[in-house]
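Below: one structure, written as structure tokens.
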Amino acid sequence: MSAPFSPEEIANEGIKPQEYEEIVKRLGRHPNKAELGMFGVMWSEHCCYKNSRPLLKQFPTQGDRVLVGPGENAGVVDLGQGLRLAFKIESHNHPSAVEPFQGAATGVGGILRDIFTMGARPIAVLNSLRFGTLDDPRTKRLFAGVVEGIGHYGNCVGVPTVGGEVYFDRAYAENPLVNAMALGLMETPAIVKSGAAGVGNPVLYVGSTTGRDGMGGASFASAELSEDSLDDRPAVQVGDPFLEKCLIEACLEAFKTGAVVAAQDMGAAGITCSTSEMAANGGLGIELDLDLIPARETGMIPYEYLLSESQERMLFVAEKGREAELIEIFERWGLHAVVAGTVIEEPIVRIFFAGQIAAEIPATALADNTPIYHRELLAEPPEYAKKAKEWSIASLPAASRSGIAIAGVKYTWNDILLKLLDSPTIASKRWIYRQYDHQVQNNTVILPGDADATVIRVRYPDAAPNSSTIGVAATTDCNPRYVYLDPYEGAKAAVAEAARNISCVGAEPIAITDNLNFGSPENAIGYWQLAEACRGIAEACREFKTPVTGGNVSLYNETLDENGKPRAIYPTPVIGMVGLVKDIGKVCRQGWQNKGDLIYLLGTKAASTLGGSEYLATVFDLVVGIPPRVDFDLERRVQGVCREAIDRGWIESAHDLAEGGLAIAIAESCISKGFGASISLEDPKLRWDELLFGEVAGQILVSVGAENRENWQSFLEDKLADNWLEIGSVTGRNDNLQVITTDGQIILDVTIVDIEEAWNLAIEKRMSA
């Protein structure tokens, strides 16, 4: 019997010819239209990780604090004292490229559902964003819409948006990245899992109604973007944060009754995903009647019900006989709650519509027994990486104490510093975070922009503010240029930077969630980048003892040009890391705190480089060279020294060296409270731009009270030997940032007013232009 669908119809569902043959084998027959759609979304990369699953197996996933690892809606770690943290990161890249406001808003809504589905109350949201350059009107529209969408959903639902990172680069001009991370505190005694249990138990549909919005969103997220992508606006979901707030409260109340056996939110692939994953995870089956599903539109057919990604919906398995108890809770919160199905012994998903079987598929065929592609890895780096590695610093114009001449124009180091501070990637992100409510719930200890990581006080909602001194630190990190130039080393650097940022506030790194944003794995270079980055993440997580508790893979982040040729983004494996703060009264921020404090650089043996630097990209429009290399032993020692000294009360401020290098780290430390700095540096062995703006893995800039100098330096000699240097002191408010040589020549001398203006207004002036 020939297929009842044309090759075009099969391809439109995102299914390859050989995959269709596998579907027929699994079913023993040809699928109907609804079943074809179900396979299309569940066999998409977004849902089944068919290209990345073999690579993810190398990640370390177990640790002393890990309570739930990969495979559930979110990871859960033990913070001690009975406190348990759920956290995860997810992407909403393609929807945000088409409809930035709703794409970003529903990305926040989706990650929050992953958290409270576990029985945790959401306590914070972070994000990791990538856009093109702000001289492009389309980028400005996407940027504004995404930020507004994140702020709208988080502010309305009552969860603070407390931190994140943003990069601007032409590589993301047509394909922005919108990754949302959420944290939640467990409120239920038992962690709520997703596996169906108890043959005969009722299956409840709860939350909002089902419509035609978000149709095929999972497949949409697993394809390249093109000029025709604007036609995919129906694949972008529409969110209601006020309804989600009610859903949070209703779900947590329902979980506390003990009547909920299992729960799954309806995110990507909607009813199809929730039914098949719950059935497969429990080794059972589910029957569901679509006639019982609350619908917001008339005339919907099974295909539409099953592929809809309408927001704010959940699927429960309840204890038989306690359905009414749960339904009453949801109706009291103004939400729908209906018994729509049953758990069955036969391990299949059976869907009814209009009294007939509309779909009948083995649960594992949708959720577990999916295609897996083991692709061949390039034997050596691709040509672009080899060529970039051959770049030599000798090709740059000569640099002297007074500055550098570029294209016949002489620039002082003051000029270069201000130019870098004006780069939107480095500059203040206050234009963004001023649109977010970052203090709702009254637990935000460190505000956005004040430190290298955010810190949230961890306490139960009904507990007094001073009932707990425990906090959780969180950060999102990835320098995509490093990963582009060397995926293995760049991915290691992303994990190392996250751990360093966590350490700079005084927290102990404990676990990560990752969001792997890459181009097409069907392209040899794209797969090489993905495989090498996964190898780097795995190694770094083992070195830092920060297991991976879950995450997200977002592939096919490419744009098809007018000739159909794909242009991929930079490979961007975002690391979301959490750390334990034992005493929130001892956390550390990045800005100088007192005039007269001494300034030290920790980790001085780490080699700085201009390869992959913001300096090369901003000043010379170059993305070349060898990016910084991670020395794990040095990283652990430097980070450990920073954490211990913060705990002892010696360190007044701590800030890691990242984009822009030493000069930018000093400037940002000055900006925080308006203090100046007097820095003394020896003539570099190579070049002044390499010393001032070279980037490095493993260095932290700290300030220490002069009264603690003797104890502090004795501590440094014991812990770091000669791997540190006293480089200056904090001067008064509104004094200049001054860098001089040891023989008294001025290298940098910039007013605080000038550096604040360049840094604070960079994004604002571009958005208002």
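The values are calculated or read from the model by the stated rules, or taken from the named source; none is laboratory data. Everything quoted here is computed from the prediction, not taken from an experiment. Using ideal geometry, Cβ is built from the backbone for each residue, glycine included, and neighbour counts are taken over all protein chains shown. Areas reflect the complete protein model, heavy atoms only, side chains present, ligands, DNA and RNA absent. Shrake-Rupley method; radii C 1.70, N 1.55, O 1.52, S 1.80 Å.
Tabulated values for the structure
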{"read-out": "Segment 613-630 - phi-based ³J(HN,Hα) in whole Hz, Karplus 6.51/-1.76/1.60, Gly and Pro as x", "value": "7, 5, 4, 4, 5, 7, 8, 10, 6, 10, 10, 8, x, 9, x, x, 9, 8"}
{"read-out": "Around M42: net Lys/Arg minus Asp/Glu count, Cβ-Cβ under 12 Å", "value": "-4"}
{"read-out": "Sparsely packed trypsin sites (Lys or Arg not before Pro) within segment 1-110, loop by DSSP, other Cβ within 10 Å at most 15", "value": "R29, K57"}
{"read-out": "DSSP loop GluC sites (Glu not before Pro) with at most 12 other Cβ within 10 Å excluded, longest remaining stretch of the chain", "value": "1-344"}
{"read-out": "Under 19 Å from the Cα of K410 - lysines, other chains or at least 8 residues apart", "value": "K419"}
{"read-out": "Where the Cα pairs of segment 666-730 fall when distances are cut into 10 Å bins, in %", "value": "16, 46, 34, 4"}
{"read-out": "Three-way shape label, segment 625-713, alpha-carbon gyration tensor, a/c 1.5", "value": "oblate"}
{"read-out": "Percentage, to the nearest whole number, of Cα pairs in segment 525-650 over 23 Å apart", "value": "57"}
{"read-out": "Inter-probe distance in nm under a simple model that places probes 7 Å from Cα toward Cβ, at E328 and D743", "value": "8.7"}
{"read-out": "Cut-off under 5 Å, modelled amide H: who pairs with G550 long-range", "value": "D514"}
{"read-out": "Computed E for E8/E644 - FRET, C-beta separation, R0 45 angstrom, nearest 0.05", "value": "0.10"}
{"read-out": "Cα principal axis extents for segment 263-337, largest first, Å", "value": "32, 31, 20"}
{"read-out": "All aspartates and glutamates inside 14 Å of K719 as judged from Cα atoms, apart from same-chain residues fewer than 8 positions distant", "value": "D633, E635, E644"}
{"read-out": "Relative contact order (%) - the chain, alpha-carbon pairs under 8 angstrom, separation at least six", "value": "14"}
{"read-out": "FRET efficiency for A407 and R542, using Cβ-Cβ distance with R0 set to 45 Å, rounded to 0.05", "value": "0.45"}
{"read-out": "MRE, 222 nm, helices only [DSSP H, n ≥ 4, -39500 (n - 2.57), over the chain, to nearest 500]", "value": "-10500 deg cm²/dmol"}
{"read-out": "Normalised alpha carbon radius of gyration of segment 641-769 [divisor 2.2 N^0.38 Å]", "value": "1.13"}
{"read-out": "Whole-number accessible area per residue in Å² for the chain, which is evaluated in the context of all protein chains at 1.4 Å", "value": "35"}
{"read-out": "Cβ-placed point charges (K, R +1; D, E -1), dipole of the chain about Cα centre in debye, nearest 20", "value": "840"}
{"read-out": "Semi-axes of the equivalent ellipsoid for segment 591-665, Cα gyration tensor, largest first, Å", "value": "27, 17, 8"}
{"read-out": "Environment charge of A337, counting only residues whose C-beta is closer than 14 Å and scoring Lys/Arg +1, Asp/Glu -1", "value": "-4"}
{"read-out": "Local electrostatic count at G63 - Lys and Arg +1, Asp and Glu -1, tallied over other residues with Cβ under 10 Å", "value": "0"}
{"read-out": "Rounded D (µm²/s) - segment 410-512, Kirkwood Rh over Cα pairs, Stokes-Einstein at 20 °C, 1.002 mPa s", "value": "131"}
{"read-out": "Spatial extent of segment 1-130: Rg and Dmax, with the Cα atoms as the point set, Å", "value": "19.1, 63"}
{"read-out": "For segment 358-469, the fraction of alpha-carbon pairs in successive 5 Å shells from zero, as %", "value": "2, 7, 8, 8, 7, 7, 7, 10, 14, 11, 8, 5, 2, 1, 1, 0"}
{"read-out": "Whether segment 110-189 is rounded, prolate or oblate, judged on the alpha carbon gyration tensor where a/c under 1.5 counts as rounded", "value": "prolate"}
{"read-out": "Area projected by the alpha carbon convex hull of segment 303-376, averaged over all directions, nm²", "value": "7.8"}
{"read-out": "Radius of gyration, Dmax [the chain; alpha carbons; angstrom]", "value": "26.5, 90"}
{"read-out": "DSSP beta bridges in the chain [antiparallel fraction, %, rounded to 5]", "value": "80"}
{"read-out": "Taking the convex hull of Cα positions in segment 435-593, its mean projected area over all directions (nm²)", "value": "11.8"}
{"read-out": "Proximal lysines relative to K320, as straight alpha-carbon distance under 29 Å, when same-chain residues fewer than 8 apart are discounted", "value": "K193, K245, K256"}
{"read-out": "Accessible carbon and sulfur surface of the chain relative to its total accessible area, %, 1.4 Å", "value": "49"}
